[in-house]
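Structure, as structure tokens:
The values are calculated or read from the model by the stated rules, or taken from the named source; none is laboratory data. Owing to the predicted nature of the structure, the values given are computational and were not obtained by experimental measurement. Here the Cβ positions follow ideal geometry from the backbone for every residue, glycine too, while neighbour counts run over all protein chains shown. Note: areas computed on protein heavy atoms with side chains; ligands, DNA, RNA excluded. Shrake-Rupley method; radii C 1.70, N 1.55, O 1.52, S 1.80 Å.
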Amino acid sequence: MSEAARSFSKSDTLQIRAGDAADVDALVRLINAAFRVEQPFIEGDRIDAEGVRSYMVKGKFLVAGDSTALVACVYVELRGDRGYLGLLGVDPVRQGTGLGRKMMDAAEYFFREASCRAIDLRVISARTPLPAFYRHLGYLEIGTAPFATDVPVKVPCHYVLMSKTLD
């Protein structure tokens, strides 16, 4: 963990809350910064303001912030008795501090409170470390799906589908 990450994890008091329309621009900046690691295999930014607003119509973003900025987010959507989550993003300076795990805990709490029986997510195949991260949290790989045709890619990609049954 970097010295900056250690100092953030010790000193900041973050609040997790539901994002709203006032957070759109901050969410765009946060998600694009957090997903910069995808640039070797995906063209351009991960999301724009229209995309964030589109997600907000179907579900919501849980966001973590301090007095100055949003530093983490996760998208949550109810789909019948199942939950779907995506766009887990942490400010690159704060990655490695456990904040991603805290956001996953918040998402799982959200889905339990909504009486969901399971949570589904998908990761891009080129993000090879991600399945192990989610397996560590109890998610299992359940299949694959074709990658979105409207997203320009630099290398062939597909989605790895994962799911976790809630207790």
In order through the stretch 92-103: 3J(HN,Hα) via Karplus (6.51 cos²θ - 1.76 cosθ + 1.60), integer Hz, x for Gly, Pro: x, 5, 9, 5, x, 9, x, 5, x, 4, 4, 5
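Please calculate how many Å² of accessible area the chain carries per residue, with a 1.4 Å probe and no DNA, RNA or ligand atoms counted.
Numbers: 9070 Å² over 167 residues.
Result: 54 Å² of accessible area for each residue.
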Before rounding to the nearest 500, sum -39500 (n - 2.57) across all DSSP H runs of length at least 4 in the chain and divide by the residue total; then give [θ] at 222 nm in deg cm²/dmol. -9500 deg cm²/dmol
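Leaving out ligands, DNA and RNA, what percent of the accessible area of the chain is carbon and sulfur, probe 1.4 Å? Please report the intermediate quantities before stating the final value.
On the way: 4700 of 9070 Å².
Of all accessible area on the chain, carbon and sulfur atoms account for 52 percent.
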Eight or more residues apart or on different chains, and alpha-carbon atoms under 22 Å: count the Lys pairs in the chain matching that. 5
Cα centre as origin, Lys/Arg/Asp/Glu Cβ charges: the chain dipole, Debye: 380 debye
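Contact order normalised by length for the chain, with contacts defined as Cα pairs under 8 Å and 6 or more residues apart; what percent is it?
On the way: 274 pairs, mean separation 36.3, N = 167.
Dividing the mean separation by the residue count of the chain yields 22 percent.
Just add up the charged neighbours of residue 163: K/R +1, D/E -1, any other residue whose Cβ is under 11 Å from the Cβ of residue 163. Present the calculation step by step, with values, prior to reporting the outcome.
On the way: positive: 82, 117, 122, 164; negative: 120, 141.
In short, +2.
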Label points 7 Å out from Cα along the Cβ direction at residue 77 and residue 13: separation in nm? 3.6 nm
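Would you kindly state how much longer the chain becomes between residue 50 and residue 153 on full extension, computed as 0.36 nm times their sequence separation minus their alpha carbon distance, in nm to one decimal?
Details: separation 103, 0.36 × 103 = 37.08 nm, distance 2.03 nm.
Length gained between residue 50 and residue 153: 35.0 nm.
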